[in-house]
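Student: What follows is a single structure, and I will ask about it in a moment.
Rule-based calculations on the coordinates, nothing more; no lab input. Everything numeric in this text was worked out from a predicted model, so none of it was measured. With ideal geometry, Cβ positions are generated from the backbone for all residues, glycine too; neighbour counts draw on all protein chains shown.
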Amino acid sequence: MQFQVKNSPFNEEQVDLLNRLFPTLTETQQIWLGGYLSAVKNVNQSAQVTDAALAGPQSANEAEAAPVEVTVLFGSQTGNCQNLATGLSEQLEEKGMKVTLASMNDFKPNKLKNIENLLVIVSTQGEGDPPDNAIQFYEFLHGRRAPKLEKLNYSVLALGDSSYEQFCETGRKFDERLAELGGTRLADRTDCDLDYDEPAAEWFESVLNKLSESQVSVQVQPDAIVSAAAESSTFSRTNPFEAEIYENINLNGRGSNKETYHMELSLEGSNLQYEPGDSIGIYPENDPEMVDALIKEAGWKPNELVPINKKGEEVLLQEALQKNFEITVLTKPLLQKVAAFTQNPELQHLLEPGNEAAVTEYIHGRDLLDLIRDYGIAGAPAKEFITLLRKMPPRLYSVASSLKANPEEVHLTIGAVRYETYGRERNGVCSVQCADRKEPGQTLSIYVHNNPNFKLPADPSTPIIMIGPGTGIAPFRSFVEEREVMEAEGKSWLFFGGQHFVTDFLYQTDWQRWLKSGVLTKMDVAFSRDNAEKVYVQHRMLEQSRELYEWLEDGATVYVCGDEKHMASDVHDTLVTIIEKEGNLTTDEAQTYLDNMLQEKRYQRDVY
C-alpha cells in the first residue's frame with residue numbers, strides 16, 4: 001500500500017517516510033502500531049478533559065459561570081430578623097445564588113475576610129443595644145481584631161422602634177463599621193420601624209437587583225419577605241386570622257393594683273401552629289372615643305376618604321384612625337414630619353439641635369391629640385396629614401399554653417396598661433381593648449410570631465431555670481404544660497414575682513398542681529409589697545445561690561422573661577454575682593461563663 005499526499009493529512013516528507021517504513025513492518029507490528037496510536041489518542045483526550053476541568057470555565061460559551069456567593073447574617077431577639085433573613089436567602093437561592101445563612105452567634109468571625117457579598121439583618125434592643133445573639137460578633141467587628149475588608153460588598157437592613165431615641169442604632173453602627181473596614185455598600189442601609197414589611201421589601205428588591213446578573217428588574221412584594229418554609233397556614237402577619245375569644249378572665253384578686261387578663265382564643269380552621277416560647281401578634285384598634293376627640297380637635301370630617309397605603313386604597317377617616325394608624329405614641333421622626341408639613345415655628349424650634357433632651361421629655365407620655373392641641377396645628381388637610389402617621393403595629397404577647405395540651409387553642413396573659421399624665425387618663429391600645437372592649441364570642445386579628453431564640457431544650461432531660469415576674473410568667477406556663485404532656489424527665493425551677501401574694505399570684509393553682517405532681521420541681525416566689533422591705537426575684541436567686549450554681553454546672557438552661565430595662569438587667573447582674581461567688585471566679589471570668597452560656601443557647605431572654 002502506498003500513501004499519497006493528495007488524499008492524506010501528511011506532507012511530502014512524512015509520506016516518503018511512511019512509504020519506506022510501512023512495507024518493512026510485519027502484520028504483528030502493524031496491529032501493535034494501530035493499537036498504540038489509538039491509546040495515545042485516548043490519553044490525549046483524557047488529559048484535555050482533565051486540564052479543562054482544572055482550569056475551570058474559560059468563557060460563557062465554554063461553561064456556565066460560577067454562582068454568586070452571598071452570606072446572610074442576622075441578629076435577632078424576637079425572631080423578626082431571622083424570619084426576614086430566611087426569606088431573603090430563599091429568594092437568593094431561587095435566583096441561582098449560593099447562600100450561607102447564619103445567626104451572628106453561630107458565625108465564625110475569622111471567615112469574614114474571605115467573604116465577597118455580605119447582607120446583615122439586625123434589630124436594636126432597648127436604648128441602642130444589639131440583640132443577645134449578635135453581641136459577640138458586634139464586639140469582634142468593633143474590636144482590634146477586625147480584619148480589613150476591601151473586597152467586601154455589603155448592605156444592612158436595620159429593624160427598630162422609632163419611639164426609642166436610639167432608633168436602629170445597632171444597624172447604623174454595623175453599617176458604619178463595615179465601611180470603616182473598607183467594605184463597599186451594595187445598597188444603602190434601610191432603617192425599618194415596627195411596620196417594616198414595605199421598607200424591608202424595597203431593600204430586598206434593591207439588593208436582589210444588585211446581585212442578580214439578570215438585566216430584568218426583580219420586584220418583591222411585602223407578603224413574600226418572610227420564609228415560605230415557616231408558613232404552615234394561609235394566615236400570617238400580612239394576613240391575620242380572626243380568632244374567636246373563648247375566655248377573658250382577670251387573674252388578679254379584688255383590691256389589686258394590677259389587671260392581668262387570661263385570654264383563651266380559638267385557632268379552629270386556621271391551621272396556625274405555635275411552640276412554647278413563640279408569641280401571638282394582635283392587631284389592635286384605637287379607642288373610638290379618642291378617635292372622635294382627635295377628629296374634633298383637628299377640625300376634620302369623619303366621613304372623608306383618606307389613603308391607607310401606597311397602593312392608594314382609601315377608607316373613611318374615622319375607620320382609618322381607629323384601625324390603620326398609630327395615634328397614641330409620639331416619636332421624634334413623626335415630630336420632624338409634622339414640623340416640615342405644617343411649618344409650625346414652635347415645633348421647629350423644639351427640634352433644633354441642642355434640644356434633644358426636651359424632645360425626649362415631650363414625646364414621653366403624650367399622644368397625637370396632645371401634639372395638635374399643644375402646637376395649634378388644627379386645620380391641616382386630613383388626606384395629607386394622615387400619610388405622616390406610622391401604621392398600627394401589632395402587639396406581641398407570649399403564648400401561655402401548649403398546643404399539644406390545647407389543640408386549636410392559644411392562651412395569652414395580658415396586663416392592662418392604665419396611667420395618667422398631663423391631666424389626661426391614658427390606656428394601652430391593645431391591653432385595654434382586650435380588658436374593656438372584648439368579650440367571649442368576639443374576635444381579635446392575630447397571627448403567630450415564631451421566636452426561635454426562646455425555646456425549650458431539644459433534650460427533655462435538660463434542667464431548666466425560669467425567671468419571670470408579672471406577665472413574664474406567661475411563656476413558662478407554656479413550657480411546663482408542654483413538658484407535662486411530653487412526660488419530660490428534666491428538672492424545672494421557677495422564680496416568680498408580684499406585688500402581693502393574696503391578689504397577684506398569677507396561675508397559682510396551676511403551679512401548685514404541677515409542684516404536687518412533680519412536673520415542676522421547685523418554685524421560689526417574691527412579693528415585693530407584702531413586707532416593709534421590697535423583695536424581688538433576684539433576691540430569691542441570691543438566697544438560693546449555691547443550689548442555683550449547681551444547676552448551672554449540671555447543664556441547666558436559664559430563661560428570663562419580662563421587663564428589659566430593670567428586671568432583666570438586675571437578673572443578669574445577679575447571675576454574674578452567683579457564678580463569681582459559687583465558682584470562685586473573678587467578675588470577668590463570671591461574665592465569660594455567662595457569655596459562653598449565651599453562645600451555647602443555655603441563657604435565653606425574651607425581654608421587652
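Student: Using a cut-off of 14 Å between beta-carbons, work out the net charge of the residues near Pro393 (Lys and Arg +1, Asp and Glu -1, Pro393 not included). Could the numbers behind the result be given before it?
Tutor: Values: positive: Arg237, Lys323, Arg390, Lys391, Arg395; negative: Asp161, Asp193, Asp195, Asp197, Glu198, Glu285, Glu326.
Its environment carries a net charge of -2.
Student: Give me Tyr196, Tyr422, Tyr375 sorted ascending by neighbouring Cβ count inside 10 Å, so fewest comes first.
Tutor: Details: Tyr196 25, Tyr422 11, Tyr375 18.
Neighbour counts put them in this order, fewest first: Tyr422, Tyr375, Tyr196.
Student: Separate question: About its Cα centre, how strong a charge dipole does the range 464-607 have in debye, to the nearest 20, once Lys and Arg get +1 and Asp and Glu get -1 at the Cβ? All intermediate terms of the calculation are to be shown ahead of the outcome.
Tutor: Numbers: 15 positive and 26 negative charges, 87 e Å.
That gives a dipole near 420 debye.
Student: Here is a follow-up. Taking the Cα centre as origin and putting +1 on Lys and Arg beta-carbons and -1 on Asp and Glu beta-carbons, what dipole magnitude results for the chain, to the nearest 20 debye? Could you put the intermediate results ahead of the total?
Tutor: Values: 56 positive and 94 negative charges, 143 e Å.
So the dipole magnitude of the chain works out to roughly 680 debye.
Student: Separate question: Would you tally the net charge around Leu317, using a Cβ to Cβ cut-off of less than 13 Å, leaving Leu317 out, and scoring K and R as +1, D and E as -1?
Tutor: -1
Student: Using only the alpha-carbon atoms, how far is helix 80-94 inclined from the longest principal axis of the chain? Give it as 0 to 90 degrees, nearest 10.
Tutor: For helix 80-94, the angle is close to 20 degrees.
Student: Ok, one more. What percent antiparallel are the DSSP beta bridges of the range 100-190, to the nearest 5? Please list the in-between numbers first.
Tutor: On the way: 1 of 11 bridges.
Here the share of antiparallel DSSP bridges comes out near 10 percent.
Student: Compute the acute angle (0 to 90°) between the alpha-carbon long axis of helix 508-517 and the principal axis of greatest extent of the alpha-carbon atoms of the chain; round to the nearest 10°.
Tutor: 60 degrees
Student: Would you be so kind as to identify which of Val485, Gln599, Ala187 lies farthest towards the positive end of the dipole of the chain, taking Lys and Arg as +1 and Asp and Glu as -1 on Cβ and the Cα centre as origin?
Tutor: Ala187
Student: Another one. Taking the DSSP beta bridges in the chain as the whole, what percent of them are antiparallel, to the nearest 5?
Tutor: Details: 36 of 78 bridges.
Taking every DSSP beta bridge with both residues in the chain, the antiparallel ones total about 45 percent.
Student: With each label point set 7 Å from Cα along the Cα-Cβ vector, what nm distance links Lys404 and His566?
Tutor: That separation, rounded to one decimal, is 3.7 nm.
Student: Can you give the helix-only mean residue ellipticity at 222 nm for the chain, where every DSSP H stretch with n ≥ 4 adds -39500 (n - 2.57) and the sum goes over all residues, rounded to the nearest 500 deg cm²/dmol?
Tutor: -10500 deg cm²/dmol
Student: Using the Karplus equation 6.51 cos²θ - 1.76 cosθ + 1.60 (θ = phi - 60°), what ³J(HN,Hα) coupling, rounded to whole Hz, does each residue of the range 592-598 give in order, writing x for Gly and Pro?
Tutor: My calculation for the range 592-598 gives 5, 4, 6, 4, 5, 4, 4 Hz in order.
Student: Calculate how steeply helix 332-342 sits against the longest principal axis of the alpha-carbon atoms of the chain, using the helix alpha-carbon long axis, and give the answer as 0 to 90 degrees to the nearest 10.
Tutor: Approximately 80 degrees, to the nearest ten.
Student: If amide H atoms are built 1.01 Å from N in the plane of the peptide, which residues on other chains or at least 5 residues away come under 5 Å of the amide H of Val72?
Tutor: Here Thr100, Leu101, Ala102, Leu119 satisfy the definition.
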